[in-house]
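Each value in this text was obtained by applying a stated rule to the coordinates, not by laboratory testing. Note that the coordinates shown come from a computational prediction; the quantities given were computed from them, not determined experimentally. Cβ atoms come from the backbone with ideal geometry, glycine included; neighbour counts cover every protein chain shown.
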């Protein structure tokens with residue numbers, strides 16, 4: 001009986017703490033400005049290498065038949081996507097996943113996001129036009145004719161990336177926990193970190209070192 005009461009008390013305490021955190025975050029979000037990506041690409045070239053993009057694209061329909069059609073479209077566009085990513089020349093890794101009701105593209109690239117997406121559009125924009133037909137809130141198409149809108153759309157759907165240094169998010173460490181709650185309240189999808197086994201090397205340097213060519 002005592003163990004049962006302990007469980008009840010623990011759950012009640014956890015529920016109260018969660019309710020307080022949610023209420024406090026709601027108040028803080030009204031007082032403080034949104035801090036989506038407070039850090040910019042560094043002027044040091046090595047800091048702009050191997051940057052992650054976690055593009056989360058909610059699907060328009062949950063039907064199995066539509067997921068099958070999307071799978072077929074991805075398979076058919078596979079060669080075009082691989083050739084295009086090779087031609088971009090700044091991509092280390094990239095993959096498409098179906099997770100829940102989301103089509104996801106995860107990639108590691110060199111440079112900054114807008115330049116990466118512009119290169120992306122120029123080589124595989126046609127494939128992305130097809131994929132956007134399955135997405136719930138697609139950007140204007142063809143993406144080739146609307147590059148700025150597509151870049152803004154990708155930025156909105158890219159998972160929030162916590163900085164690798166906590167103080168980049170909030171220099172005042174005493175307010176860091178509050179800032180974390182604000183970020184989580186404003187962003188359904190977040191990335192907490194990334195491991196690099198060969199930091200500081202570009203995709204071009206790796207290719208040249210391994211002799212894989214283009």
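Structure notes:
- Highest mean packing comes first when the peptides 82-93, 191-202 are listed by Cβ atoms within 10 Å, giving 82-93, 191-202.
- Packing-based ranking, highest mean first, of 149-160, 67-78 given that Cβ atoms within 10 Å are counted: 149-160, 67-78
- Computing Rg and the Kirkwood Rh from the Cα coordinates of region 73-214 gives a ratio, Rg/Rh, of 1.00.
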